[in-house]
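A.B. asks: Let me give you the structure first, and then I'll get to my questions.
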Amino acid sequence: MGEAAEAAAAQPRLLGLPGEIRAEVVATQALGRRVGFVPTMGALHAGHLALVERAAADCDDVVVSVFVNPTQFGPHEDFARYPRNLAADLSLLAGRGVRWVFAPAVESMYPPGHATRIEVGGPAIGFEGVIRPAHFSGVATVVCRLFQCVPADAAYFGAKDWQQTRVVARMVADLGLPLTVVVCPTVREPDGLAMSSRNAYLSAGDRERAVSLSRAVAEAEALWSSGSEVAAIEMAMRACMVDRGVEVEYAAVVDAESLGPVSAGAAVALVAGRLGSTRLLDNALLPARGGSG
Ligand code: AMP
């Protein structure tokens, strides 16, 4: 490869129109190339970059989208103040095997008069679905729209948002969308806190307290493997967060796929809580132990 071609490969090309990115993806697939897609809301950190790295390892070409999706935020949530810095995101993505960054305007994703939403039931109903009632319908709507703009072979999501991965996988299965959903492990800070664009909102004191979410799910893993009952694990997770001043929204152990009661399959420990005005989530997957727990 010549120097100019190398430079082009290192620096992703920025596109904003659905038709443009779709044409690029379709054309590269016509050459037999496999396309990986990493949807994000920007404010990129090492968690996002791990998804990019996995996509680049699995696929010939990688698309990253950067779109702060208004329809997944409630009326009093942080849409307006959500961190946005496309220039910083582009420089973080340089040299990581990303061919295109798709950063559409809101009007390109939602044309005037837009009146269609996708409602997922099942795994979307509990937990985040209770606390943020329109959230998963906004997520499903935008992810479906993004998959139509970027008709990739595989899309990469983080286990950090476990319930979201189940909602997207359910939608892909139910609508027969022709792509594979790949779930990648949660990337954490050295003290265990799951990386999140929203961690930037935390004050120094809240940042210290925030570690209790990852401690809670780590404790759930230990208790689960030593055979503790679900109710005891849930109490221990709650206590771990309450002791550090977190306002607990939920602390539950449920079936990893359906998010209903624990079955013979794998389970997941889910926690959410508030520190000041910031909501944080975490989870840990728990291997099947073959009983009702
Ligand atoms: P967001 O920009 O927060 O919408 O996240 C975009 C994608 O990155 C989602 O699939 C998230 O689950 C994933 N992600 C966010 N934080 C992490 C993390 N700490 N580790 C792994 N994946 C993450």
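The values are calculated or read from the model by the stated rules, or taken from the named source; none is laboratory data. Source: prediction; values computed, not measured. We place every Cβ from the backbone using ideal geometry, glycine too, and count neighbours over all the protein chains shown. For the accessible areas, the whole protein counts, side chains as well, though only heavy atoms, and no ligand, DNA or RNA atoms are used. Shrake-Rupley method; radii C 1.70, N 1.55, O 1.52, S 1.80 Å.
A.B. asks: Rounded to the nearest percent, how much of the accessible area of the range 3-184 (1.4 Å probe, protein heavy atoms only) is carbon and sulfur?
C.D. replies: Values: 4590 of 8030 Å².
Whole-percent figure for carbon plus sulfur exposure: 57.
A.B. asks: Helices from the chain with mean Kyte-Doolittle at least -0.5 and a Cα length along the axis of 27 Å or more, per DSSP H: which?
C.D. replies: Working: long enough: 204-225 (33 Å, -0.20).
For the chain, where a helix must reach 27 Å along its axis and average at least -0.5, the hits are 204-225.
A.B. asks: So, one more: Check which residues have an amide H placed less than 5 Å from G42's amide H, if you skip close sequence neighbours.
C.D. replies: Under 5 Å from the amide H of G42 lie the amide H atoms of F67, each far enough along the sequence or on another chain.
A.B. asks: Could you work out the percent of alpha carbon pairs in the range 64-114 separated by over 16 Å, rounded to a whole number?
C.D. replies: Numbers: 666 of 1275 pairs.
Within the range 64-114, distances greater than 16 Å cover 52 percent of Cα pairs.
A.B. asks: Hey, with R₀ at 35 Å, roughly what FRET efficiency would T116 and E189 work out to, going by the Cβ-Cβ distance, to 0.05? Intermediate results must be reported in sequence, preceding the final value.
C.D. replies: Values: r = 39 Å, r/R0 = 1.10.
E between T116 and E189, to the nearest 0.05, is 0.35.
A.B. asks: Once the range 3-184 is represented by equal point scatterers at the alpha-carbon sites, with solvent omitted, what log10 I(q)/I(0) does the Debye formula produce at q = 0.13, 0.14, 0.19 Å⁻¹?
C.D. replies: The Cα Debye sum returns log10 ratios of -0.64, -0.75, -1.43.
A.B. asks: Report P(r) for the range 197-286: all Cα-Cα distances, bin width 10 Å, range 0 to the bin holding the largest distance, values in whole percent.
C.D. replies: Going out from 0 Å in 10 Å bins, the range 197-286 shows 19, 50, 25, 7, 0 percent.
A.B. asks: If you count only protein heavy atoms with a 1.4 Å probe, what accessible area per residue comes out for the chain, rounded to a whole Å²? Each step should come with its number before you reach the end.
C.D. replies: On the way: 13080 Å² over 293 residues.
Accessible surface, normalised per residue, equals 45 Å².
A.B. asks: Continuing with this model, one more query. Among DSSP bridges having both ends in the chain, what percentage is antiparallel? Round to the nearest 5.
C.D. replies: Working: 18 of 37 bridges.
Here the share of antiparallel DSSP bridges comes out near 50 percent.
A.B. asks: Okay, moving on. Compare the Cα positions of A94, A105, N199 along the charge dipole of the chain (+1 at Cβ of Lys, Arg; -1 at Cβ of Asp, Glu; about the Cα centre) and return the one farthest towards the positive end.
C.D. replies: About the Cα centre, the residue reaching furthest to the positive side is A105.
A.B. asks: Over its Cα atoms, what ratio of radius of gyration to 2.2 N^0.38 Å does the range 144-293 give? Write out the running numbers ahead of the final one.
C.D. replies: Details: Rg = 16.4 Å, N = 150, 2.2 N^0.38 = 14.8 Å.
It is 1.11.
A.B. asks: Can I ask one more? Please identify every one of the chymotrypsin sites (Phe, Trp or Tyr not before Pro) in the range 64-163 that sits in a loop by DSSP and has no more than 13 other beta carbons within 10 Å of its own beta carbon. Spell out each step's value before the answer.
C.D. replies: On the way: sites: F67, F73, F79, W100, F102, F127, F136, F147, Y156, F157, W162; in loops: F67, F73, F79, F127.
Passing both the DSSP loop test and the Cβ count: no residue.
A.B. asks: A further question follows. Can you list the HN-Hα couplings for the range 181-191, worked out from phi with the Karplus curve (6.51, -1.76, 1.60; θ = phi - 60°), rounded to whole Hz and with x for Gly and Pro?
C.D. replies: Listing the rounded values in order: 9, 10, 9, 10, x, 5, 9, 10, 5, x, 7 Hz.
A.B. asks: Gap in Å between the Cα centre of the range 239-293 and the Cα centre of the range 93-132?
C.D. replies: 24
A.B. asks: About the Cα centre, and with charges only on the beta carbon of Lys, Arg (+1) and Asp, Glu (-1), how big is the dipole of the chain? Nearest 20 debye, please. Walk me through the numbers before you get to the answer.
C.D. replies: Details: 25 positive and 31 negative charges, 57 e Å.
With Lys and Arg at +1 and Asp and Glu at -1, about 280 debye.
A.B. asks: Ranked by accessible surface with a 1.4 Å probe, highest first, in what order do H76, H45, H114, H135 come? Walk me through the numbers before you get to the answer.
C.D. replies: Details: H76 175, H45 40, H114 80, H135 20 Å².
Accessible-area ranking of H76, H45, H114, H135, largest first: H76, H114, H45, H135.
A.B. asks: Using a simple charge model, +1 on the beta-carbon of Lys and Arg, -1 on the beta-carbon of Asp and Glu, nothing else, what dipole does the range 197-286 show about its Cα centre, in debye to the nearest 20?
C.D. replies: Details: 8 positive and 12 negative charges, 77 e Å.
So the dipole magnitude of the range 197-286 works out to roughly 380 debye.
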